[in-house]
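Have a look at the structure below before the remarks.
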Amino acid sequence: MKVITVKNYHEISIKAAQLVADQITNKKNSVLGLATGQTPIGMYQELINMFKRGEIDFSDVITFNLDEYYGLSPAHPQSYHYFMWDTFFQYINIKKENIHLLNGVTENIDGECQHYEYLIQKNGGIDLQILGIGDNGHLGFNEPAIGLHSKTHLVNLSEETIRANSQYFNNIQEVPKQALTMGIGTIIKAQKIILLASGRKKSHVIERTINGPVSTEVPATVLQLHNNVTVLIDEEAATKI
Ligand code: F6R
């Protein structure tokens, strides 16, 4: 894994946006895997700035988001569907038909997951996957002890994740207990992966991800098995490596 340590969150956002822009410059119709959460917000903001300055064109870009809460409709303000439009998609020239998000209110879970995998394949696979990391090492919503080869599927969220994400809801009872997520097997099929982490809170899990034994107990450690991973972190997240 290539580890890039920059000064602070702002520099992570600038560098990550530059790497995404390079990918799109090299291949106009790149397939991007996208994450939600706090960490990539600055990167999305910087990509919007680049778009406004005419430095980047999303018209042929195709996206697949990592995950979605099960039970939340796209219109729900805490759904990842809503987050992506609110934070990013509405500000750029991406085509609506090129955006893919899992349907959190599907009545056919298996069909939805299989169709998502089919669409990723049909579009040639993911060229560049952006990831955040949970405090417990989760990638997407692949919680500890997940299958290494898992594809897109329904998961039960861990207590830790439900607690961490309750900050965005009125109370912890409102946090969905399940989610749809690309599997670890789906994620590691991406050609290139960039993992973003910022702040001292992530330093322990970053240390385990980089130096620890590969174990499904810390799902992010499987990235050690991939040949093109960049871990982009700030000085605080790097304090334990
Ligand atoms: C979100 C996702 C999650 C987050 C992770 C870190 O789509 O897949 O794995 O990346 O929970 O979240 P933040 O960035 O809020 O610390």
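The values are calculated or read from the model by the stated rules, or taken from the named source; none is laboratory data. Owing to the predicted nature of the structure, the values given are computational and were not obtained by experimental measurement. Glycine gets a Cβ as well: all are built from the backbone with ideal geometry, and neighbour counts include every protein chain shown.
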- prompt: Any chance segment 5-18 includes a residue that's more than 15 Å from the ligand (Cβ to nearest atom), in a loop (DSSP other than H, G, I, E, B) and at pLDDT 95 or above?
  reply: yes
- prompt: If we keep just the residues of segment 148-195 that are in contact with a strand residue (DSSP E or B) (Cβ under 9 Å, 6 or more places away or on another chain) and among the small types (Gly, Ala, Ser), which is modelled with the lowest pLDDT?
  reply: 150
query: Among the residues of segment 96-142, which ones are within 16 Å of the ligand (Cβ to nearest atom), of a type in the set (Val, Ile, Thr) and closer than 20 Å to residue 74 by Cβ?
result: 99, 120
query: Which members of segment 89-124 meet the condition of being surrounded by 13 or more Cβ atoms within 10 Å (Cβ to Cβ) and closer than 30 Å to residue 171 by Cβ?
result: 89, 101, 102, 103, 104, 105, 106, 109, 112, 113
message: For segment 143-154, check the following and say yes or no: at least one residue is within 12 Å of the ligand (Cβ to nearest atom), outside any loop (DSSP other than H, G, I, E, B) and surrounded by 14 or more Cβ atoms within 10 Å (Cβ to Cβ).
response: no
- request: Name the single residue, out of those in segment 103-142 being part of a helix (DSSP H, G or I) and among the β-branched types (Val, Ile, Thr), that is nearest to residue 213 (Cα to Cα).
  value: 120
- request: Filter segment 77-88 for residues that are within 15 Å of the ligand (Cβ to nearest atom), surrounded by fewer than 19 Cβ atoms within 10 Å (Cβ to Cβ) and without any contact (Cβ under 8 Å) to a residue 24 or more places away in the chain and give the result.
  value: 82, 85, 86
Residue among 190, 179 that is under 17 Å from the mean Cα position of the chain (by Cα), within 12 Å of the ligand (Cβ to nearest atom) and of a type in the set (A, V, I, L, M): 179
